[in-house]
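Report on the following structure.
The values are calculated or read from the model by the stated rules, or taken from the named source; none is laboratory data. Bear in mind the structure is a predicted one, so any value in this text is a computation, not a measurement. Here the Cβ is made from the backbone with ideal geometry for all residues, glycine too, and neighbour counts use every protein chain on show. The accessibility values were calculated without ligands, DNA or RNA, using every heavy atom of the protein model including side chains. Shrake-Rupley method; radii C 1.70, N 1.55, O 1.52, S 1.80 Å.
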Amino acid sequence: MPAADLDLDAPGLADAIARVRADVARLHDELVRYRLVVWTGGNVSGRVPGADLFVIKPSGVDYDDLSPESMILCDLDGHVIPGTPGSERSPSSDTAAHAYVYRNMPDVGGVVHTHSAYATAWAARAEPIPCVITGMADEFGGEIPVGPFAIIGDDSIGRGIVQTLSGHRSRAVLMQNHGPFTIGKDARDAVKAAVMLEATAETVHLARQLGEPIVIPDEHVDALFQRYQNVYGQRA
């Protein structure tokens with residue numbers, strides 16, 4: 001349902017927005033805990049279920065000062081919803097990119113951007129991370145692809161993300177000369193992908209210092225991915 005037609009005070013919608021605000025605010029702490037960001041860089045956003053809305057952090061605000069009330073509610077064109085908590089502040093400079101992803105990838109419920117050191121180093125080289133460890137096959141289903149160079153501020157980055165990840169099993173993309181973006185079924189899932197991406201980028205970098213890593217054959221990557229996605233863990 002378009003944002004203009006929504007009753008933001010309706011109990012079901014109000015509760016959903018409150019939950020996403022709380023989740024997105026809390027998940028920014030995970031970026032700090034796993035050392036994926038420095039200063040005020042990076043951002044997490046989460047789609048509001050059942051509505052054409054998402055929540056994202058304000059621009060340039062210290063992580064220690066983030067709270068559910070300071071998160072910013074936007075429509076899927078990236079416009080801030082006036083009169084809502086946080087709306088007096090400017091949203092993240094990546095808001096247009098997140099909005100483009102949500103508009104064009106309806107199954108995506110969360111988007112994360114970091115400047116984590118190892119993943120960003122691969123992005124600076126515009127080099128995909130080859131699938132050389134089983135944990136990478138489990139989580140990403142193959143190599144981590146590189147997206148095109150794009151200027152910050154409009155939806156160019158979002159276009160590059162969608163172009164690169166559409167039809168790809170990876171939930172991570174290395175935007176050339178910029179850094180990693182990850183997607184997920186919700187904000188927590190996208191944060192998990194960002195954490196796993198950085199661990200992968202570091203491990204593969206270290207392996208290359210010892211020699212050329214051995215790429216896992218496609219049929220084994222497929223088997224590992226299917227097992228991890230469909231068998232691993234506890235049943236709901």
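Worth a mention:
- Identity of the residue in segment 117-131, more than 21 Å from Arg169 (Cβ to Cβ) and not hydroxyl-bearing (Ser, Thr, Tyr), that ends up surrounded by the fewest Cβ atoms within 10 Å (Cβ to Cβ): Arg125
- Candidates Arg169, Arg227, Arg188, filtered to the one that is out of contact with any Lys or Arg (no Cβ under 7 Å at 6 or more places or on another chain) and not in a helix (DSSP H, G or I): Arg169
- Segment 162-200, subset within 14 Å of the chain's Cα centre (by Cα) and of a type in the set (D, E, K, R), residue surrounded by the most Cβ atoms within 10 Å (Cβ to Cβ): Arg171
- Scanning segment 80-111 for residues that are touching a His at 6+ places or on another chain (Cβ under 8 Å) and either without any contact (Cβ under 8 Å) to a residue 24 or more places away in the chain or among the β-branched types (Val, Ile, Thr) (or both) gives a single hit, Val111.
- Residues that are part of a loop (DSSP other than H, G, I, E, B) and either of a type in the set (Lys, Arg) or within 14 Å of Ala123 (Cα to Cα) (or both) do not occur anywhere in segment 194-216.
- Subset of segment 27-41 that is outside any loop (DSSP other than H, G, I, E, B) and without any contact (Cβ under 8 Å) to a residue 40 or more places away in the chain - its residue that is nearest to the chain's Cα centre (by Cα): His28
Quick grid of which residues meet (1) hydrophobic (A, V, I, L, M, F, W, C); (2) in contact with a strand residue (DSSP E or B) (Cβ under 6 Å, 6 or more places away or on another chain):
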position	(1), (2)
Ala124	yes, no
Cys131	yes, no
Gly135	no, no
Ile152	yes, no
Leu174	yes, yes
Ala190	yes, yes
Ala193	yes, yes
Glu202	no, no
Leu206	yes, no
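- If you go through segment 42-59 and pick out every residue that is more than 14 Å from the chain's Cα centre (by Cα), farther than 14 Å from His113 by Cβ and modelled with pLDDT of 95 or more, you end up with 6.
- Inter-residue pairs, beta-carbon under 6 Å, first within 10 Å of Arg169 (Cβ to Cβ) and in segment 215-229, second in a helix (DSSP H, G or I) and open to solvent by less than 40 Å² (accessible area, probe 1.4 Å), 6+ apart: Val221/Ala137; Phe225/Ala137
- Entirely in segment 42-116, the strands (runs of 3 or more DSSP E) that have 2 or more residues that are open to solvent by 30 Å² or more (accessible area, probe 1.4 Å): none
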